[in-house]
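The next block holds one structure in the form of structure tokens; read it before the comments.
Any read-out appearing in this document is the output of simple, stated calculations on the displayed coordinates, not a laboratory observation. Source: prediction; values computed, not measured. Glycine also receives a Cβ, built like all others from the backbone with ideal geometry; neighbour counts cover every protein chain displayed.
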Amino acid sequence: MAIIKKIAILTSGGDAPGMNAAIRAVVRRAIKEDIKVVGVMRGYEGLVNGDFIPMFSKSVSSIIQLGGTILKTARSKSFTTAEGRKVAYNNLIENEIDALVVIGGDGTFKGARIFTEEFNFPTVGIPGTIDNDLYGTDMTIGYDTALNTVIEAVDKIRDTAASHERVFLIEVMGRDAGFIALRAGIACGAEDILIPETPSDLQALHQKLTKYIETKKTSSIILVAEGDEEGGAFEIKEKMEKFGGEYELKVTVLGHIQRGGSPSAYDRYLASRLGVAAVEALIDDQRSIMIGMINREVVHVPFNKTTKHHKTIDQRMLDIVDILNA
Ligand code: F6P
């Protein structure tokens, strides 16, 4: 058992619904053990600038239902330098902080891995990103809420797509990953999905849409992950129009609405469980790990593993998109 008297917590990278629920869980679990908590403002940037605020049980009242992050977030340039990380370390020591909890995605954990390698400072990560692209956890905090936001929007677009007999290319987030497009695609009955993990054949898509017209299916929804190899939805529209198809193409980019909003029940639950487990792991002398959930069980995944492995797309999910889009 490690003697931990004070923990710092930060959120970093893109915000995700449920981050506040995770902050709340960390603060309340720590306070139960008489461990003090300080919030670090604006992620690693705040660590370098010494931007710390004391946190109490009351500091996290009524935030479980809020999207975004009360600690703000940023992508820090200074923390990517050795000098910046040294300043961050000194700030932690000067403030008598014994351990760090970071909530974020891939970039956040890469930063945490380097930091722990350099200073052996006890650090535990909680996966928070709408992209769900982290190895070592079935779901990241924010993914479920983002999926619900996407399908709500797509359902609305489908009404107008059907009325006007149009094909919509709907761009969803996922700079490097297609998990949002894939699962939302299944959940909203998309006719096709285009994602970075698999080759995108626009000619084949054109043929499919042409065939649909022949069979009197006059509207379709295609979900495009923003990082697709053929480009974003606008670029794909331009390329598709060169085929001279008889269908009318429209584009909607869902953008940052996918990152906001009140977290779903699942995200609140996941965040609460991972937040509690993060503090318990630190008390148990764990360091340099991400807390994930696999098959409904909390797991500890070394930063090394989660940052070096890629979460892969499940081929069976791609098959489902194909089978169901008749
Ligand atoms: O949060 C992850 C993510 O949503 C990516 O899918 C997206 O490419 C990126 O963040 C955009 O973030 P920002 O606009 O904050 O740079």
Ranked on Cβ counts within 10 Å of their own Cβ, fewest leading, Leu182, Leu318, Leu169 go Leu318, Leu169, Leu182
Least to most buried among Asp15, Asp106, by other C-beta atoms within 10 Å and fewest first, runs Asp106, Asp15
For the chain, set up a Gaussian network in which alpha carbons nearer than 10 Å are linked by springs, and say which option among Gly255, Gly125, Gly67 fluctuates the most.
Gly255
Among Leu66, Val27, Met41, pick out the residue whose Cα is farthest towards the positive end of the charge dipole of region 19-79, where Lys and Arg carry +1 and Asp and Glu carry -1 on C-beta, about the Cα centre.
Leu66
By the C-alpha gyration tensor axes a ≥ b ≥ c (rounded if a/c is under 1.5, else prolate when a/b exceeds b/c, else oblate), the shape of region 1-118 is oblate
Dipole-positive endmost among Thr215, Gly245, Ala233 within region 208-253 (Cβ charges, Cα centre):
Thr215
Label-reachable residues, region 39-61, where backbone N falls under 18 Å from a point 7 Å from Glu83's Cα toward its Cβ
45-50
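Order these by the 10 Å Cβ neighbour count, fewest first: Lys242, Lys217. Please report the intermediate quantities before stating the final value.
Working: Lys242 9, Lys217 14.
So the residues, fewest neighbours to most, are Lys242, Lys217.
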Enumerate the lysines that Lys211 could reach by cross-link, defined here as Cα to Cα under 23 Å, with residues fewer than 8 away along the same chain left out.
Lys237, Lys239, Lys242, Lys250
Choose one answer from Ala190, Ala265, Ala25: the residue with the largest mean-square fluctuation in a GNM of the chain with alpha-carbon springs under 10 Å.
Ala265
Let's test the formula: R0 of 35 Å, r as the Cβ-Cβ distance of Ile323 and Glu248. What FRET efficiency results, to the nearest 0.05?
0.85
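If region 244-313 were replaced by its equivalent ellipsoid, with semi-axes equal to the square roots of 5 times the Cα gyration tensor eigenvalues, what would those be, largest first, whole Å?
Working: eigenvalues 272, 62, 23 Å².
Whole-Å semi-axes of the equivalent ellipsoid: 37, 18, 11.
Magnitude of the Cβ-charge dipole of the chain, K/R +1 and D/E -1, about the Cα centre, nearest 20 debye?
Details: 38 positive and 44 negative charges, 196 e Å.
Charge dipole, the chain, about its Cα centre: 940 debye, nearest 20.
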How big is the antiparallel share of DSSP beta bridges in the chain, given as a percent to the nearest 5?
25 percent
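Can you compute the charge dipole magnitude of region 286-326 about its Cα centre, using +1 on each Lys and Arg Cβ and -1 on each Asp and Glu Cβ, nothing else charged? Give it in debye, rounded to the nearest 20. Before the final figure, lay out each step's value.
On the way: 6 positive and 4 negative charges, 72 e Å.
With only Lys, Arg, Asp and Glu charged at Cβ, the dipole is about 340 debye.
Treating only the Cβ of Lys, Arg, Asp and Glu as charged (+1, +1, -1, -1), what charge dipole size does region 144-259 show about its Cα centre? Round to the nearest 20 debye. Provide the component values of the computation, followed by the final result.
On the way: 14 positive and 21 negative charges, 61 e Å.
My answer is approximately 300 debye.
Give me Rg/Rg_expected for the chain, where Rg uses Cα atoms only and Rg_expected = 2.2 N^0.38 Å with N residues. All intermediate terms of the calculation are to be shown ahead of the outcome.
On the way: Rg = 21.7 Å, N = 326, 2.2 N^0.38 = 19.8 Å.
Working it through for the chain, the quotient is 1.09.
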If the elastic network links every pair of Cα atoms under 10 Å, which of Leu223, Leu249, Leu47 fluctuates the most in the Gaussian network model of the chain?
Leu249
If exposed means GluC sites (Glu not before Pro) lying in a DSSP loop and surrounded by at most 10 other beta carbons within 10 Å, then the longest stretch of the chain lacking such sites spans residues 97-245
Any idea how many Lys pairs in region 1-135 come in under 27 angstrom at the alpha carbon, given 8 or more places apart or on separate chains?
25
Please label the shape of region 144-259 as rounded, prolate or oblate, based on the square roots a ≥ b ≥ c of the eigenvalues of the alpha-carbon gyration tensor (a/c under 1.5 means rounded; beyond that, a/b larger than b/c means prolate, else oblate).
oblate
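Based on DSSP H runs of at least 4 residues, each adding -39500 (n - 2.57), what is the mean residue ellipticity at 222 nm of the chain after dividing by all its residues, to the nearest 500 deg cm²/dmol? Kindly include the intermediate steps, with their values, before the conclusion.
Details: 11 runs with 136 residues, N = 326.
Dividing the helical sum by the residues of the chain leaves -13000 deg cm²/dmol.
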With unit charges on the beta carbon (Lys/Arg positive, Asp/Glu negative), name the residue among His206, Thr116, Leu194 whose Cα is farthest towards the positive pole of the charge dipole of region 101-211.
His206
